[in-house]
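Asks: If you scroll down you'll find the structure; I have some questions about it.
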């Protein structure tokens, strides 16, 4: 949904590493701030969950994931225009994620997700035929087409994780996947090269996405 707040155990959280990056702080200093908060009051500990991340050098370092309350405490003392801008962006991100959590509990979301799985299966069956078709045309990496088309559909629908997508995003994704399977079937019948079929899919999806954005903004 956004790249600031994530879902962990159905709770919206953000990471100390990203907070340090966005607010222009040294991560070690942010970690020290969290350590100090926990040391001052053990009740704060439940707002922060210790974790780790792997750096470019291959080494693992600690970080914290924090909920809205933990974030609020941590950044309370961060001042300046840039800090205020990021505080507002994080507040918006937390609000969006909390709204999504409520939506995910509705029957509408559950039924939409279930319907999306059926469309996804139909698309996967079609791509299975495309894989065989591509191999007859000499493709050495045809099995990667599953991932290729999955990334294409997700990108066009604005979805990173299906279980973190809104009802609107799930509906858009199902539409994209339905278009893909139709274009693939038509391309195979017409005897097109498998690479040309992909380009046809991409063009069709881009057109549909542009039209969808026009409708949303109208």
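Asks: Return P(r) of segment 121-167 (all Cα-Cα pairs; 10 Å bins starting at 0; whole %; ordered from short to long distances).
Replies: 25, 45, 23, 7
Asks: May I pose another question? Could you tell me how far the Cα centroid of segment 175-190 sits from the Cα centroid of segment 121-147, in Å?
Replies: Centre-to-centre distance over Cα atoms comes out at 12 Å.
Asks: Could I ask something else about it? Which Rg and Dmax, in Å, describe the Cα atoms of segment 46-123?
Replies: Considering segment 46-123 through its Cα atoms, Rg and Dmax are 18.4, 52 Å.
Asks: Let me ask another. Assuming R0 = 22 Å, what is the FRET efficiency of residue 10 and residue 150, from their Cβ-Cβ distance, to the nearest 0.05? Kindly include the intermediate steps, with their values, before the conclusion.
Replies: Values: r = 25 Å, r/R0 = 1.11.
For R0 = 22 Å, the calculated efficiency reads 0.35.
Asks: In nm, to one decimal, how far is the residue 207 label point from the residue 115 one, both placed 7 Å along Cα→Cβ?
Replies: My value for the distance between the label points is 2.4 nm.
Asks: Quick one: pull the percentage of alpha-carbon pairs in segment 6-104 with a separation above 18 Å.
Replies: Details: 2304 of 4851 pairs.
I get 47 percent for the Cα pairs in segment 6-104 exceeding 18 Å.
Asks: Note the angle between two axes, namely the Cα long axis of helix 167-189 and the longest principal axis of the Cα atoms of the chain, as a number of degrees from 0 to 90, rounded to the nearest 10.
Replies: 30 degrees
Asks: With the calculation restricted to Cα positions, what are the radius of gyration and Dmax of segment 107-217 in angstrom?
Replies: 14.3, 46
Asks: Moving on. Tell me the Kirkwood hydrodynamic radius of the chain in angstroms, computed as one over the mean inverse distance between distinct C-alpha pairs.
Replies: 20.3 Å
Asks: For segment 11-86 and segment 88-107, what is the separation of their Cα centres, given in Å?
Replies: Each part's Cα centre sits 20 Å from the other's.
Asks: Calculate how steeply helix 27-40 sits against the longest principal axis of the alpha-carbon atoms of the chain, using the helix alpha-carbon long axis, and give the answer as 0 to 90 degrees to the nearest 10.
Replies: That works out to roughly 50 degrees.
None of the figures in this text is laboratory data; all of them are computed from the coordinates on show. Computed from a prediction, not measured in an experiment: that's the story for all the values here. Methodologically, a virtual Cβ is constructed for each residue, glycine included, from the backbone with ideal geometry; neighbour enumeration extends over all protein chains shown.
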